[in-house]
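Here is the structure we will look at, set down as structure tokens.
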Amino acid sequence: MADYQLIIIGGGLSGIAAGIRSARFGLKTLLLEQHTIPGGLNSYYYRQGQMLETGLHAMTNYAQPGDKRAPLNRLFRQLKLSRKQFTTHEQYCSEIRFPDASLRFSNQPLLLEEEIRTSFPAAVDRFSRLKELVAAYDPFTPAPWRSARNFLAETLGEPLLEEMLLLPLMVYGNAEEHDMDLGQFVIMFRSIFMEGFFRPAGTIREFLSLLTNQYREFGGELRYRALVSEIVRSGDRIQGVRLAGGELISADAVLSTVGMPGTIALTGWDLPAKAYGGQMSFMETVSLVPWEVAAAIEPRRTILFYNTRPTLCYQRTDSFLDLSWGVICFPSNFVGVEAEPYAQIRNTNAANYALWKAAAPEEYRELKAAWTRAAVDNAGTVIGAYRQEVVYQDSFTPLTIERYTRKAEGAIYGSPLKIKDGTTPWPNLFIAGTDQGYLGIVGAMLSGVTVVNQHLLQ
Ligand SMILES: Cc1cc2nc3c(=O)[nH]c(=O)nc-3n(C[C@H](O)[C@H](O)[C@H](O)COP(=O)(O)OP(=O)(O)OC[C@H]3O[C@@H](n4cnc5c(N)ncnc54)[C@H](O)[C@@H]3O)c2cc1C
């Protein structure tokens, strides 16, 4: 008999959600995480006594607790967590800012429609048609890749509006350069423009505790500092995993949430790992400023998506950072969040992994300092200068992300090639998380739950 019925590799959000679902249904489950804390890409750390979140701008897919069919509430039901007791802070309002137009949107879809009526009056009816098509599309049945850009051009025929709508959807959930799959576009459109942004009460640490406590409550076991060095094959099946210290743990089934390049390396899977490498990497800078400074900079603006060109160049940059477009997030500008005495300003820009990787250690430190300054000054040109007000600052390059999460090339959204059905050539090895297809916090959790439901609870 195997040691476990299910071993999950990776204690990020997909792995924990998968673990809750499997333990809830009585599978003897072991979750293995290389790091000392959970969360993966969305975790936390301490600097100078201050806790900082690695990732959280906002969660997508906001829904009122009573809305039974909403993805967020379905997810909570699947995890047997009370949505009513889960306190959320909704966004005030976010904005897409291009040189010649801007569009605000909130968790009330009507705001975006009104903004389009004002800035693109000729496109209002076509935008309504777009919403109908998005509502009718089933993005969860695997289908051949279809260009979201072509779909937008056919439906809207308003190039600037098309570029503007694509910016938040791509930067919060597209692993491919230039264009995105229509199914992924539909998922992101619904989760951002129809449902919207919120933050859980407290920080990501409390949210992760809620999840890991639930997992343990159902009898799931969790081991930190447990780096898996091999997924062990025996004939045409997976026998279990080997840890870096040599320990072999057997299992009836293994679920990998470490991405395709990681899974290829752990199994010796006969696939070109390069083809599954990430295309889009980012650098994120977190600045702490006095609360009143942040409140005055962009009052009641939650997330700002900016582009300084008329078209969106969503692609790997030739430079260390692409400052021509990006995201600026105010994590304290959510309804009911109190951030005194300090508030964060987080700004994100596309980064070139290969250039960062090529730098020698000393050069890397200098480059990081210089590009952090450049990124903050650049954000200052969009929202007003704030560098002089910064009391603490930190930034993550693609190398930081790769170092702490093993995400290949620091590519947050993983491979452009997704394994949508979660299966592998081995009948008892499955893929969940970023490289299964769903992206972001809610997406990663839904992926973990879905793969367990489809393949392990039969
Ligand atoms: C800077 C930043 C900002 C973000 N902001 C947001 C946001 O505001 N909203 C949002 O919805 N999403 C955001 N995201 C994206 C979101 O965090 C991810 O999409 C999601 O968390 C992915 O979860 P995952 O479980 O698929 O992968 P991961 O989080 O990568 O989890 C994989 C886990 O596997 C572990 N691991 C890897 N290899 C091994 C091994 N060999 N053995 C054992 N363990 C291993 C890693 O340590 C990691 O914990 C952000 C990400 C970043 C980096």
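Can you tell me the alpha carbon radius of gyration of the chain divided by the globular rule-of-thumb value 2.2 N^0.38 Å? Intermediate values should be presented prior to the final figure.
Details: Rg = 21.5 Å, N = 458, 2.2 N^0.38 = 22.6 Å.
Cα-based Rg divided by the globular estimate yields 0.95.
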Formal net charge of residues neighbouring PHE86 (Cβ-Cβ distance under 14 Å; K, R +1; D, E -1): +3
For segment 341-352, 3J(HN,Hα) per residue [Karplus equation, 6.51 cos²θ - 1.76 cosθ + 1.60, θ = phi - 60°, Hz, x = Gly/Pro]: x, 10, 10, 8, 10, 10, 10, 10, 9, 5, 9, 9
Mean Kyte hydropathy of 0.5 or more with a Cα span along the axis of at least 15 Å, helices from DSSP in the chain: 13-24, 159-171, 440-451
Bins of 10 Å, starting at 0 and running to the largest distance - Cα pair percent for segment 234-308: 12, 28, 17, 15, 18, 9, 0
For segment 113-155, the fraction of alpha-carbon pairs in successive 10 Å shells from zero, as %: 25, 47, 22, 6
Surface accessible to a 1.4 Å probe, LEU323 within the full protein complex, Å²: 40
Antiparallel bridges, percent of DSSP beta bridges restricted to the chain (to nearest 5): 70
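Take the solvent-accessible surface of the protein heavy atoms, probe 1.4 Å, and return the percent of it on segment 279-405 that carbon and sulfur atoms account for.
On the way: 2720 of 5300 Å².
Carbon plus sulfur share of accessible area: 51 percent.
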Kirkwood-type radius of segment 111-193, with distances r between different C-alpha atoms, in Å: 13.0
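Find the accessible area per residue for the chain; the probe is 1.4 Å, ligands and nucleic acids are left out, and the unit is Å². Walk me through the numbers on the way to the answer.
On the way: 18650 Å² over 458 residues.
Per residue, the chain has 41 Å² of solvent-accessible surface.
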J(HN,Hα) series, segment 272-287, from Karplus relation 6.51 cos²θ - 1.76 cosθ + 1.60, nearest Hz, glycine and proline x: x, 3, 4, 5, 9, x, x, 9, 10, 10, 9, 10, 10, 10, 10, 10
For peptides 362-371, 295-304, sequence by mean Cβ density within 10 Å, most packed first: 295-304, 362-371
Estimated translational D of segment 276-376 in µm²/s (Stokes, Kirkwood radius over Cα pairs; 25 °C; 0.890 mPa s): 164
Ranked packing of 188-198, 416-426, 118-128, most packed first, by mean Cβ within 10 Å: 188-198, 416-426, 118-128
Cα centroid separation, segment 312-374 to segment 148-221 (Å): 20
Sequence ranges 248-255, 281-288, 42-49, ranked by mean other-Cβ count within 10 angstrom, highest first: 281-288, 248-255, 42-49
Pairs of lysines in the chain (C-alpha under 22 Å apart; 8 or more residues apart or interchain): 13
Base-10 log of normalised Debye intensity for segment 294-446 (one unit scatterer per alpha-carbon) at q = 0.21 Å⁻¹: -1.40
Segment 370-458 pair-distance distribution - Cα-Cα, 5 Å bins, rounded %: 3, 12, 16, 15, 13, 12, 10, 7, 6, 5, 2, 0
Neighbour net charge for SER415 - beta-carbon separation under 11 angstrom, K R +1, D E -1: 0
Local net charge near LEU103, Cβ-Cβ under 9 Å (Lys/Arg +1, Asp/Glu -1): 0
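The values are calculated or read from the model by the stated rules, or taken from the named source; none is laboratory data. Note that the structure is predicted; figures quoted are calculated from it, not measured. Here Cβ is always computed from backbone atoms with ideal geometry, including for glycine, and neighbour counts include all displayed protein chains. The accessibility values were calculated without ligands, DNA or RNA, using every heavy atom of the protein model including side chains. Shrake-Rupley method; radii C 1.70, N 1.55, O 1.52, S 1.80 Å.
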